[in-house]
Amino acid sequence: MKTYSTEKQREKALLVVVLTKKGESKNRKIDEITRLAASTDLEVEGVFSQTIKEFNRATVIGSGKVEEIKEYLQQHPVDVVIVDYKLVSSQIKNLSDAFGTRVIDRVGLILDIFAKGAKTNEAKLQVRLAQNLYNLPRLAQIKGSSGRYGSGSVGMRGPGETKLELDRRLLEKEIDSLKKQIAKIKEQRNVNRREREKNAIKRVAIVGYTNAGKSSLLNVLTREDIYVKDKYFATLDTTSRKLYLDGETVMLTDTVGFISDLPHELVEAFASTLEEAKQADLILHVVDPSATSLTDDKEKYYIESMKVTNSVLDSIGATKNRIVAFNKCDLLPAREKLGANEIYISTKTKEGIDDLKRIIKQNLDNL
Ligand SMILES: Nc1nc2c(ncn2[C@@H]2O[C@H](COP(=O)(O)OP(=O)(O)OP(=O)(O)O)[C@@H](O)[C@H]2O)c(=O)[nH]1
Ligand SMILES: [Mg+2]
């Protein structure tokens with residue numbers, strides 16, 4: 001008798017890492033795109049990488065590499081090829097024609113994770129806006145291929161999925177309408193904020209690279225039960241909770257995580273969420289210093305992740321005082337000397353949590 005598995009088969013992906021910047025870590029890039037793929041439940045069939053010396057406008061990677069991948073795919077068919085680079089529509093088309101497989105880029109993959117994770121109305125609107133902003137310049141390519149590769153799979157699903165057939169004008173109209181709806185929610189947020197200001201409640205925003213442990217920290221500090229998971233972009237909604245510090249009540253907010261080359265469509269769409277960090281009296285930057293390469297455990301990633309977080313904060317104008325909490329210290333074999341307003345913590349063993357509270361209070365008192 002034939003048996004049927006009720007479990008949905010995971011889609012298979014081939015990853016193509018493109019190295020363009022000097023000093024860029026190949027391990028780090030491979031690890032990150034692998035974790036991104038895992039965060040949207042893809043099974044990684046293989047990884048190719050190429051250091052680009054001469055930029056190929058048609059396919060980004062060189063024609064030799066395209067051939068190599070094509071041959072590989074004949075033996076190892078996949079559902080999607082993910083290129084860890086921002087591609088224009090003609091490049092997506094050329095590559096998918098060459099491979100005979102759907103191709104999506106880094107931004108498409110990140111948008112897919114967001115589309116699957118969006119729960120609240122605001123997050124859904126923001127993801128839909130980001131998808132539409134991303135799809136707008138790619139409309140011709142999407143229309144051309146939508147018959148060939150149906151919806152419902154990676155890069156094609158989510159709130160924006162049914163909109164792929166719309167023409168440019170309709171898409172622009174929807175973008176406009178989404179912006180208005182998001183602005184309305186933002187206005188409500190502003191009302192709440194003014195209310196808090198009237199009551200002189202100070203605000204602390206938890207920010208940092210994705211998977212650093214921001215939600216875990218909010219949970220430990222406020223005894224909450226916010227969703228925590230070992231995947232990228234587990235949190236897409238800002239959650240604010242009261243934190244009691246030595247007689248004073250402050251508002252603590254958990255925010256969406258950052259990543260290298262954060263798609264500008266997402267920054268634009270999540271502007272009102274990121275506004276929370278900008279408006280905060282104090283920024284609590286959570287770092288995971290234990291994050292190392294899966295292949296080379298000596299290679300530390302946190303320096304790059306701190307740079308990314310700081311530059312996103314700078315770019316949105318979040319210039320307030322920053323405390324740096326080096327989380328997951330339970331996993332560290334050795335510690336480095338820290339500066340002022342820096343502390344080792346573990347949300348798991350609770351080490352450093354009381355000291356962190358003291359540092360937060362000191363900073364707020366000094367405002
Ligand atoms: N060992 C250890 N693991 C931790 C610690 N804090 C958090 N984690 C784990 O790190 C993973 C990510 O934690 P989250 O709190 O979801 O991280 P986040 O920064 O909110 O991540 P995103 O919302 O996805 O950006 C989870 O598997 C946590 O259990 C810690 O102090 N020690
Ligand atoms: Mg989180």
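Only one of the numbered conditions (1) hydrophobic (A, V, I, L, M, F, W, C); (2) under 30 Å from K86 (Cα atoms); (3) modelled with pLDDT of 90 or more is not met by L331, and that is (2).
All of A234, A269 fail the test of being within 15 Å of ligand 2 (Cβ to nearest atom), small (G, A, S) and on the phi < 0 side of the Ramachandran plot, apart from A234.
Scanning region 225-236 for residues that are under 21 Å from E275 (Cβ atoms), out of contact with any Asp or Glu (no Cβ under 7 Å at 6 or more places or on another chain) and more than 7 Å from ligand 1 (Cβ to nearest atom) returns a single hit, L236. All conditions in (1) assigned to a strand (DSSP E or B); (2) without any contact (Cβ under 8 Å) to a residue 40 or more places away in the chain; (3) farther than 30 Å from L109 by Cβ hold for K337, with the sole exception of (1). Residues that are under 15 Å from K214 (Cα atoms) and within 16 Å of ligand 2 (Cβ to nearest atom) within region 312-367 comprise A325, N327, K328, I345, T347, K348, listed in sequence order.
Restricting T222, T273, T239, T255 to residues that are within 14 Å of the chain's Cα centre (by Cα), within 15 Å of ligand 1 (Cβ to nearest atom) and either farther than 22 Å from V324 by Cβ or at pLDDT 85 or above (or both) narrows the list to T255.
Cβ-Cβ contacts under 8 Å between residues 6 or more apart (or on different chains), taken from a first residue in region 208-234 that is without any contact (Cβ under 8 Å) to a residue 12 or more places away in the chain to a second residue that is more than 9 Å from ligand 2 (Cβ to nearest atom), are listed as D225/N219. K361 meets the conditions (1) within 24 Å of the chain's Cα centre (by Cα); (2) surrounded by 13 or more Cβ atoms within 10 Å (Cβ to Cβ); (3) of a type outside the set (A, V, I, L, M, F, W, C); (4) part of a helix (DSSP H, G or I) in every case but one. The failed one is (1).
Residue by residue, here is whether (1) more than 16 Å from ligand 1 (Cβ to nearest atom); (2) of a type in the set (G, A, S); (3) modelled with pLDDT under 75; (4) in contact with a helix residue (DSSP H, G or I) (Cβ under 9 Å, 6 or more places away or on another chain) holds:
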{"position": "Q141", "(1), (2), (3), (4)": "yes, no, yes, yes"}
{"position": "G144", "(1), (2), (3), (4)": "yes, yes, yes, yes"}
{"position": "G160", "(1), (2), (3), (4)": "yes, yes, yes, yes"}
{"position": "K173", "(1), (2), (3), (4)": "yes, no, no, no"}
{"position": "S177", "(1), (2), (3), (4)": "yes, yes, no, no"}
{"position": "Q188", "(1), (2), (3), (4)": "yes, no, no, no"}
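Pairs linking a residue in region 310-321 that is assigned by TED's automatic domain parsing to the domain that holds Q279 and closer than 16 Å to V286 by Cβ to a residue that is modelled with pLDDT under 90 and outside any loop (DSSP other than H, G, I, E, B), with Cβ atoms under 6 Å and 6 or more positions apart or on different chains, are A318/A277; A318/K278. Considering region 185-210, the residues that are surrounded by fewer than 22 Cβ atoms within 10 Å (Cβ to Cβ) and in a loop (DSSP other than H, G, I, E, B) include one that is nearest to ligand 2 (Cβ to nearest atom), namely I201.
The values are calculated or read from the model by the stated rules, or taken from the named source; none is laboratory data. All values derive from a computational prediction rather than experimental measurement. When we count neighbours, we look across all protein chains shown, and the Cβ atoms used for this are built from the backbone with ideal geometry, even at glycine.
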